[in-house]
Amino acid sequence: MLRYLTATELANGFANRYLLIAVQRSKLLPFGSALDQERLADIRDATRLALRFATQHRPISFDDDARERWIGAYSELTADRPGLAGAATARAEAHTVRLALTYALLDRSERICLEHLEAALAVWRYSAASAHWIFGDALGDPTADELWTAAKERPAGLTRTEVSELFSRNKKRREIERALSVLEDAGRLRRETRQAERGRSAEVWIPVPIPAA
């Protein structure tokens, strides 16, 4: 994904239409595994009944407990988050409510109940964690990301001269200014003015710790 998914596809809302789920193989089964036919029949019958229930056209809304939980969760789900991971998870509330509806339909319930919403929120939290595992704290801006990688190793901050030297003085001043602004707007760097030698002042860019996802 990191290789083929572009920042444009993340920014224009293509990638966040999908739930990103990180998975790994739990066991090695050279000859496959035996599937219990009775259990398979139970799943098939339950799915058939759920599909039949879902084709009945009628509104399905939250029950009172789920409604209160949804109100409490909504602000967190709709909060703006910077970077590629933020762009990949920008439809959190839409995914969550669709998952909750799916769980309700599987239960053939006339309402989205609290257990359906809690299950949906759990799936969403795992999906969001998967996105952060994939994209980390990258912003999708090569200059800004390179600068941020260096700044994280310098908790005391970088002076403007050190920023310029980071790019071997091969970046134009305008490009560096733009990258610093991107990082400042994203809450990654903060600007501070310090007194230097001979009474001069120096501009220092200090990394801001990112809260855990």
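Worth a mention:
- Here segment 142-207 was treated as a single set of alpha-carbon atoms; its pair distances binned every 10 Å from 0 give 22, 57, 20, 1 percent.
- A simple count of charges around ILE210, restricted to other residues whose Cβ falls under 12 Å of its Cβ and scoring Lys, Arg +1 and Asp, Glu -1, yields +2.
- Interchain or long-range residues, amide H under 5 Å from ILE112's placed H: SER61, PHE62, ASP63
- Mean Cβ count within 10 Å, highest first, over the residues of peptides 53-62, 179-188, 154-163, 31-40: 179-188, 154-163, 53-62, 31-40
- Its Cα centre serving as origin, segment 142-207 has a Cβ charge dipole (Lys and Arg +1, Asp and Glu -1) of approximately 240 debye.
- Net charge in the neighbourhood of LEU35 (other residues with Cβ under 13 Å of its Cβ; Lys, Arg +1, Asp, Glu -1) is -1.
- Entry for P(r) over Cα pairs in 5 Å bins from 0, in percent (calculated from the structure that is shown) out of [x] 1, 7, 13, 16, 17, 14, 11, 8, 4, 3, 2, 1, 1, 1, 0, 0; [y] 1, 7, 16, 21, 21, 17, 10, 5, 2, 1, 0; [z] 1, 6, 11, 12, 12, 12, 11, 9, 7, 5, 5, 4, 3, 1, 1, 0, 0: [z]
- Sum of -39500 (n - 2.57) over DSSP H runs of 4+, divided by residues of the chain (222 nm, nearest 500): -16500 deg cm²/dmol
- Local electrostatic count at PRO59 - Lys and Arg +1, Asp and Glu -1, tallied over other residues with Cβ under 12 Å: +1
- Considering only PRO82, ILE43, LEU5, and ranking their Cα positions along the charge dipole of the chain that arises from unit charges at the beta-carbon of Lys, Arg, Asp and Glu, the one farthest toward the positive end is LEU5.
- Among ARG67, ARG173, a tally of other beta-carbon atoms within 10 Å of each Cβ gives an order, fewest to most, of ARG173, ARG67.
- Only Lys, Arg (+1) and Asp, Glu (-1) charged, at Cβ; segment 3-76 dipole about Cα centre in debye: 400
Read-outs: derived from the displayed coordinates by stated rules, not from any lab. Every value quoted in this text rests on a predicted model; they were computed, and no experiment measured them. Neighbour counts run over all protein chains shown; Cβ positions are idealised from the backbone, glycine included.
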